[in-house]
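Engineer: Sharing a structure, written as structure tokens. Questions coming.
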Amino acid sequence: MGYRTLLRDHRSVLSIAFLAMFSSSLGQSFFVGLFQAPLAAHWQLSAGQFGTAYTVVTLAAGCVMLRVGPSIDWVAPRRFAITILLALLAGVALMTLSPWWGLGVLGLGLVRLCGQGMLTHLGNTLAAREFTTLRGRAMGLASLGIPLGEALLPPLVAATLVWLSWQSFWWLLCALLALPWLLLLISAPWSIAPGNKPADHDLQGPRPFREPRFWALLPLLMSLPITMTGLFIYQAQLTESLDSSLGVYALALAGMGVAKLPGALLGGRWIDKIGPVRLARVYLLPYASAMLFAAFVGGDASVWALMVGGGLAMGAQELIASGLLIKLWGIEHLGRVRSALSAAMVFSTGIAPAAIGLALSAGMAFQAILATMLAFIIAAWCLAQRVLQVASRAPRR
């Protein structure tokens, strides 16, 4: 069965998962960053104060994910989606309408939690849980919502803000997203609750942060988002060090978005054919090769290599992560384990820019930082091999 047959026979669940991934754009860093200046001006915060507030609410969202994320294992998906969407709407209201910076930042936290956190969690978990033999392809189709948002929303913001205020744009986008959501909530067939809520879920099921194999696998799954975050945040220093320009970087960033599409579609097909374990061993190879090239060669080609190599790997990252978690802990505990992984991702990507900033302040050249990133990726790959070997022997779930 190919993608066309999958779309024909499972249109409803794939539509829900895809729309959840696309709607998560409202809380993604690339989208919120487009409104950094007007948000800071609205709340009368400096750029540094806004950055601090952003980091704080992001880390807080990671903590909440640990607590709330596992509920998708026993809450009906439709009820889960309605709750998240209402909380997201409340966050947008606070962020755009409140004249007090405290309430506005609280709203930003809700947008980050419900957007980047919970809607991504919903889309990934639904696509993984509702399919068995075609799980990889299903997750690949659902994950296309994120690169589509990255491709469509920035130019839409640039074009629309000419005649609309930034607050009006947020509400216009919410209204446009509400239409397909209402249609799916009312007419689509939703699956029932996957299980019963445990009497004391803190004492039942897997506890990832207490398992050595989770810690051994974590660096491999975090290496891509950690290092890519550094490249995004310090793009000026990256291009200067590589003897390139921000114009080339902007074009390469668009190339990264395009590269995510084959990364997701081919990654989904390969997961179904060869499994997530074998793919996990090689999916970072294009990105690691690009980093090696950039560290020792430089130039415009290095910027393109980093962005395209990173895009190919990012397209397959979520599919591989979900496949490995299911292999090791089972589909019935996917919500709990994915919550732990998502929280770890949030924490690490919040801390990584600070660590790189300290290295730059200490006079470390960006090529040396790239070499350090590459060494981290290699060390993470080596650390994960024993766990991947165990996962390769696990039965298909």
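The values are calculated or read from the model by the stated rules, or taken from the named source; none is laboratory data. All of these numbers come straight from a predicted model, not from anything done at the bench. We place every Cβ from the backbone using ideal geometry, glycine too, and count neighbours over all the protein chains shown. With ligands, DNA and RNA removed, areas are computed over all heavy atoms of the protein, side chains included. Shrake-Rupley method; radii C 1.70, N 1.55, O 1.52, S 1.80 Å.
Engineer: If ligands, DNA and RNA are left out, what is the accessible area of residue 307 with a 1.4 Å probe, given in Å² to the nearest 10?
Structural biologist: 0
Engineer: Springs between alpha-carbon pairs under 10 angstrom, Gaussian network model over the chain: which of 359, 81, 305 fluctuates most?
Structural biologist: Between 359, 81, 305, it is 359 that shows the largest mean-square fluctuation.
Engineer: Dimensions of the stretch 47-86 along principal axes (Cα, Å, largest first)?
Structural biologist: 41, 19, 7
Engineer: If you don't mind, there's one more thing I want to ask. Decide, for the stretch 162-299, between rounded, prolate and oblate: order the square roots of the alpha carbon gyration tensor eigenvalues as a ≥ b ≥ c, take rounded if a/c falls under 1.5, and otherwise choose prolate if a/b is larger than b/c, else oblate.
Structural biologist: Here the stretch 162-299 falls in the oblate category.
Engineer: I need the shape label for the stretch 215-287. Rule: rounded when a/c is under 1.5, else prolate if a/b > b/c, else oblate, with a, b, c from the alpha carbon gyration tensor.
Structural biologist: It is oblate, given that a/c is not under 1.5 and a/b is not larger than b/c.
Engineer: In percent, how large is the relative contact order of the chain, given Cα pairs closer than 8 Å and 6 or more residues apart?
Structural biologist: That works out to 24 percent.
Engineer: Taking the chain as a Gaussian network, Cα atoms linked when under 10 Å apart, which of 38, 262, 208 shows the biggest mean-square fluctuation?
Structural biologist: Looking only at 38, 262, 208, the biggest GNM fluctuation is shown by 38.
Engineer: What chymotrypsin sites (Phe, Trp or Tyr not before Pro) does the stretch 138-185 have in DSSP loop regions with at most 14 other beta carbons within 10 Å?
Structural biologist: Hits after loop and neighbour filter: 163.
Engineer: Next question. If I take R0 = 22 Å and measure r between the Cβ atoms of residue 12 and residue 83 in this structure, what FRET efficiency does the formula 1/(1 + (r/R0)^6) give, to the nearest 0.05?
Structural biologist: 0.65
Engineer: State to the nearest 20 debye the size of the charge dipole of the chain about its Cα centre, where the only charges are +1 on K and R beta carbons and -1 on D and E beta carbons.
Structural biologist: So the magnitude is around 1380 debye.
Engineer: What ratio of Cα Rg to 2.2 N^0.38 Å holds for the stretch 289-397?
Structural biologist: 1.29
Engineer: Sticking with this one: Would you check the accessible area of residue 168, probe 1.4 Å, heavy atoms only, in square angstrom rounded to 10?
Structural biologist: In the full protein context, residue 168 sits at about 50 Å².
Engineer: Let me ask something additional. Quick check: at a probe of 1.4 Å, how many percent of the accessible area of the chain sits on carbon and sulfur atoms?
Structural biologist: 68
Engineer: Mind checking the per residue accessible area of the chain for me, 1.4 Å probe, whole number of Å²?
Structural biologist: Here the residues of the chain average 43 Å² of exposed surface.
Engineer: Now a separate question. DSSP H helices in the chain with Cα extent of 15 Å or more along the helix axis and mean Kyte-Doolittle hydropathy at least -0.5?
Structural biologist: Qualifying helices: 11-23, 47-68, 77-97, 101-112, 145-160, 166-187, 212-233, 246-274, 285-296, 300-329, 334-361, 366-393.
Engineer: Still on this structure, I have one more. Grab the Cα-Cα distance for residue 246 and residue 98, subtract it from 0.36 nm times how many residues apart they are, and report the gain in nm with one decimal.
Structural biologist: 49.8 nm
Engineer: A further question on this structure: Label the stretch 19-72 by shape, choosing from rounded, prolate and oblate, from the square roots a ≥ b ≥ c of the eigenvalues of the Cα gyration tensor; if a/c is under 1.5 it is rounded, and otherwise prolate applies when a/b is larger than b/c, oblate when it is not.
Structural biologist: Judged from the Cα gyration tensor, the stretch 19-72 comes out oblate (a/c at least 1.5, b/c at or above a/b).
Engineer: Calculate for the chain the 222 nm mean residue ellipticity that helices alone would give, adding -39,500 (n - 2.57) per DSSP H run of length 4 or more and normalising by residue count, nearest 500 deg cm²/dmol.
Structural biologist: Theoretical 222 nm ellipticity from helices: -25500 deg cm²/dmol.
Engineer: Which residue, 149, 247, 109, tops the fluctuation ranking in a GNM of the chain built on C-alpha contacts under 10 Å?
Structural biologist: Judging by the Gaussian network model, the answer is 247.
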